[in-house]
1. Can you name every residue in region 222-244 that is under 14 Å from Lys347 (Cβ atoms) and either touching a residue at least 60 places away in the same chain (Cβ under 8 Å) or assigned to a helix (DSSP H, G or I) (or both)?
2. Which fully enclosed strands (runs of 3 or more DSSP E) of region 267-348 have 3 or more residues being assigned by TED's automatic domain parsing to the domain that holds Cys229 and farther than 30 Å from Tyr220 by Cβ?
3. Yes or no: region 282-305 includes at least one residue that is closer than 18 Å to Tyr231 by Cβ and within 16 Å of ligand 3 (Cβ to nearest atom).
4. From the list Phe232, Phe225, which one is surrounded by 13 or more Cβ atoms within 10 Å (Cβ to Cβ), at pLDDT below 95 and within 16 Å of ligand 1 (Cβ to nearest atom)?
5. Is it the case that region 250-269 has a residue that's of a type in the set (Phe, Trp, Tyr), out of contact with any Phe, Trp or Tyr (no Cβ under 6 Å at 6 or more places or on another chain) and within 16 Å of ligand 1 (Cβ to nearest atom)?
6. Going by the structure shown, is Asp320 over 21 Å from Phe232 (Cα atoms) and in contact with a helix residue (DSSP H, G or I) (Cβ under 9 Å, 6 or more places away or on another chain)?
7. Ser268 passes all but one of (1) surrounded by 13 or more Cβ atoms within 10 Å (Cβ to Cβ); (2) within 16 Å of ligand 3 (Cβ to nearest atom); (3) over 21 Å from Ala242 (Cα atoms); which number fails?
8. Considering only region 242-259, state which residues are under 15 Å from Phe293 (Cα atoms), over 32 Å from the mean Cα position of the chain (by Cα) and open to solvent by less than 40 Å² (accessible area, probe 1.4 Å).
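The values are calculated or read from the model by the stated rules, or taken from the named source; none is laboratory data. Note that the coordinates shown come from a computational prediction; the quantities given were computed from them, not determined experimentally. When we count neighbours, we look across all protein chains shown, and the Cβ atoms used for this are built from the backbone with ideal geometry, even at glycine. Please note that ligands, DNA and RNA were not included when accessible areas were found on the heavy atoms of the full protein model with its side chains. Shrake-Rupley method; radii C 1.70, N 1.55, O 1.52, S 1.80 Å.
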Amino acid sequence: MLRVSAIVLFTLSIIENVCSNTCGHDNCETAIDIPLITKLNAPLKAELDISSLTLQLKELVAKHVNQSVSKAVNDLVENILDKTIQTAVDRLQTSIDNTLSTFRQKIEDDVEVKIKKNHDLLMKKQSISATEIHSLTILANTLGGEMAKLKSEVQTAIEKDVAVGEKGLKGDSGRPGLDGANGRRGEPGLKGAHGIKGEKGGQGEKGSRGESVKPLKCSYGWVKFMHSCYYFEFSNKKTWSAAKDDCRRKGGFLVKVDDAVENWFLKSFVKSNTKSPASVWIGANDINRESNFVWDFDNSGLTYTEWSRGEPNNKYNSEDCVQMRNSVNYAWNDSTCSNAESFICEKL
Ligand SMILES: [Ca+2]
Ligand SMILES: [Ca+2]
Ligand SMILES: [Ca+2]
């Protein structure tokens, strides 16, 4: 607007100068009335381009109007756009908040359910461990169920054990041979009393039999069967060597399977466990000399075995430790000592 005013004033000054130079007092009767310039007494001269001036003024006014209208329209559009965008942003934010809230709630619910589930599992596991040991101890001591099927095998093994004991006593003298017969009676009397009576005979040899009937108590976590306590480690799998060390730390040794009865008991216990380990280390190994299997406990050879079919095969020339394997009904297999497996400790 200031610019327009300046142009008009400038134009007026030009016109006034022109008129003052060309129009005398008598010649100014023909002066025209120029719009926007009311007191201009200028003659109509070709040099004064009024139409051009008017056109310029119109253009200026039109330009100004256009700018104003354009700005107003732009402001209006921007305002509408701002409101529209803000509304959209608000809706989006609300939607995101709702989604996040729902998602967070779902995660919290899931976590709570999982925590409860883990807790239940833990309680169940603890419950299983206690009841399991109890029931299996009863199973072992009563020799029920499967024991009936293996009764003849048990009897044969027991007789074999007794026979071996008698031979040892006979070594002393002829007379002790008779005493050896007494030893047979002592065997069913594992309950204790008969063994002690044997000592009254005054013979040192019989004293050793007294030891065999010492009442055996097993520590917590150990399972008693016959003359040994057993610790079944199914949770912490270890290499054969680490398992051996762990058994020694516990005051025992990696189990030595002396006969079919002990083998049957160990297999029955492992099979009845809910974890059903894929394999379980026992103390037999041929680490020192290939194919010469011995028990780690006393370095004695294997008098009883239950090798699985085709075993021991020393596969890849790297199998020196013996395990019971689930896939073959826990029959024995030589395997790689560095594998981490469950294992069984024995304590006398
Ligand atoms: Ca044993
Ligand atoms: Ca081997
Ligand atoms: Ca093998």
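1. Trp222, Val223, Lys224, Phe225, His227, Ser228, Cys229, Tyr230, Tyr231, Phe232, Glu233, Lys244
2. On the way: elements: 279-285, 321-325, 331-335, 341-347.
Where strands (runs of 3 or more DSSP E) fall fully within region 267-348 and carry at least 3 residues being assigned by TED's automatic domain parsing to the domain that holds Cys229 and farther than 30 Å from Tyr220 by Cβ, they are 331-335.
3. Yes - at least one qualifying residue is present in region 282-305.
4. Selected residue: Phe225, the only one of Phe232, Phe225 that is surrounded by 13 or more Cβ atoms within 10 Å (Cβ to Cβ), at pLDDT below 95 and within 16 Å of ligand 1 (Cβ to nearest atom).
5. Taking region 250-269 first, the residues of a type in the set (Phe, Trp, Tyr) are 253, 264-265, 269.
Among the residues that remain, those that are also out of contact with any Phe, Trp or Tyr (no Cβ under 6 Å at 6 or more places or on another chain) are: 264, 269.
From what's left, within 16 Å of ligand 1 (Cβ to nearest atom): 264, 269.
There is at least one residue in region 250-269 that is of a type in the set (Phe, Trp, Tyr), out of contact with any Phe, Trp or Tyr (no Cβ under 6 Å at 6 or more places or on another chain) and within 16 Å of ligand 1 (Cβ to nearest atom).
6. yes
7. Result: Ser268 passes all but (2).
8. Of region 242-259, the ones under 15 Å from Phe293 (Cα atoms) are 254-258.
Filter again for over 32 Å from the mean Cα position of the chain (by Cα), leaving 256-258.
Across region 242-259, the qualifying residues are Lys256, Val257.
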